[in-house]
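The values are calculated or read from the model by the stated rules, or taken from the named source; none is laboratory data. Since the structure is predicted, the reported quantities are computational estimates derived from the model, not experimental observations. Please note: Cβ atoms are built from the backbone with ideal geometry, for glycine as well, and neighbour counts cover all protein chains shown.
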Amino acid sequence: MLDLTDMQTVRALAKRHAFSFSKGLGQNFLIDPEVCPAIAEYGIPSRECGVLEIGTGFGVLTQQLALQSEQVAAVELDRRLEPILAETLRGFENVTVIWQDIMKVDPAEFLREQFGTREVCVCANLPYYITSPILMHLLESDAVFRSITVMVQKEAAERLCAKIGSRAAGAVTAAVQLRGTAELLFHVPRESFYPAPKVDSAVIRITPYAEPLCTPEMLRNVLAVVKAGFAQRRKTAVNALSGGLSLEKEQVTRALAACGCGETVRFEQLDLETLLKLTAALRDGTADSGIAP
Ligand code: SAM
């Protein structure tokens, strides 16, 4: 197996294939020998669990995932990596690379096609320019994952694990915590990548709740509310939601009142339970979200 944490090997591969690292595609590849095995260890619960990887790069993480799981399906956008992966993943019969933009993949359909009934987890060193959209894309879909373990920029990791209702939280924080718990596993300094980015990173794991918090339909509705609300988070919730969802101000004010919130509350102050109640109240005037308090 080619050692992709060895700088000489990485430079030689890039040179032989005339490969230039694309900043635009977030191509900062891991070169720290301890990080990929740790992601595989935290992320893969058993050999039977399949792995969806997003963004292979030269395959440094893919190799470790393939050592720990019976089946890995990796989605990579940059076709220039094809001849390189042919070398670095040679002999790994349990890996399939799908040359696609992850944002154009339907996650639920992808899991059915690639993994059938096998349980699947996500492990990835995400391209930073598109971290939130990728997580939203996974969390908004009907796909069921055993867990999602991803490297993201340190600040993004902190935001994803922040308490809903605090200033640090955002729409994607709510999307994550509507589906599961998020934990920050470990920090990774910028020197662990080649080329080194200007920021530090961290690995987080999202573990879905054993019992979903709400129905898929309710989830879609609350995510629509969350996106509209966080788009104008500093405004009052009344103004953010009436503007973002094209609703009458009176309707939003009534719904907020049904959740015990006054007219001046800002959207970013609402906690998870209130977001669910508010969505129900906007839907039918009662704050019964179907969630046990
Ligand atoms: N896993 C490798 C590693 O850890 O060294 C590479 C990680 S690098 C941060 C992100 C990878 O995602 C790059 O290989 C990049 O080409 C790929 N990528 C960027 N945008 C993508 C997209 N929309 N869909 C799929 N892959 C993408």
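The figures follow:
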{"quantity": "Lone unmet requirement of (1) surrounded by fewer than 17 Cβ atoms within 10 Å (Cβ to Cβ); (2) more than 23 Å from residue 133 (Cα to Cα) for residue 60", "calculated": "(1)"}
{"quantity": "Identity of the residue in region 3-47, touching a Cys at 6+ places or on another chain (Cβ under 8 Å) and of a type in the set (A, V, I, L, M), that ends up farthest from residue 67 (Cα to Cα)", "calculated": "30"}
{"quantity": "Selection within region 6-24 - surrounded by 12 or more Cβ atoms within 10 Å (Cβ to Cβ), more than 13 Å from the ligand (Cβ to nearest atom) and within 13 Å of residue 81 (Cα to Cα)", "calculated": "17"}
{"quantity": "Which numbered condition residue 121 fails, given (1) out of contact with any helix residue (DSSP H, G or I) (no Cβ under 8 Å at 6 or more places or on another chain); (2) within 21 Å of residue 44 (Cα to Cα); (3) of a type outside the set (S, T, N, Q)", "calculated": "(1)"}
{"quantity": "Output for region 25-60, where each listed residue is within 6 Å of the ligand (Cβ to nearest atom), part of a strand (DSSP E or B) and not aromatic (Phe, Trp, Tyr)", "calculated": "30, 54"}
{"quantity": "Output for region 149-178, where each listed residue is farther than 20 Å from residue 125 by Cα and either of a type outside the set (Lys, Arg) or at pLDDT 95 or above (or both)", "calculated": "162, 164, 165, 166, 168, 169, 170, 171, 174, 177, 178"}
{"quantity": "Index of the failed condition, residue 65 passing every other in (1) under 20 Å from the mean Cα position of the chain (by Cα); (2) within 15 Å of the ligand (Cβ to nearest atom); (3) not in a helix (DSSP H, G or I)", "calculated": "(3)"}
{"quantity": "Count of region 90-101 residues which are over 20 Å from residue 118 (Cα atoms) and either within 25 Å of the chain's Cα centre (by Cα) or near the ligand (Cβ under 9 Å from one of its atoms) (or both)", "calculated": "3"}
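Quick grid of which residues meet (1) assigned by TED's automatic domain parsing to the domain that holds residue 150; (2) without any contact (Cβ under 8 Å) to a residue 24 or more places away in the chain; (3) polar (S, T, N, Q):
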{"position": "203", "(1), (2), (3)": "yes, no, no"}
{"position": "223", "(1), (2), (3)": "no, no, no"}
{"position": "244", "(1), (2), (3)": "no, yes, no"}
{"position": "247", "(1), (2), (3)": "no, no, no"}
{"position": "267", "(1), (2), (3)": "no, no, no"}
{"position": "270", "(1), (2), (3)": "no, no, no"}
{"position": "279", "(1), (2), (3)": "no, no, yes"}
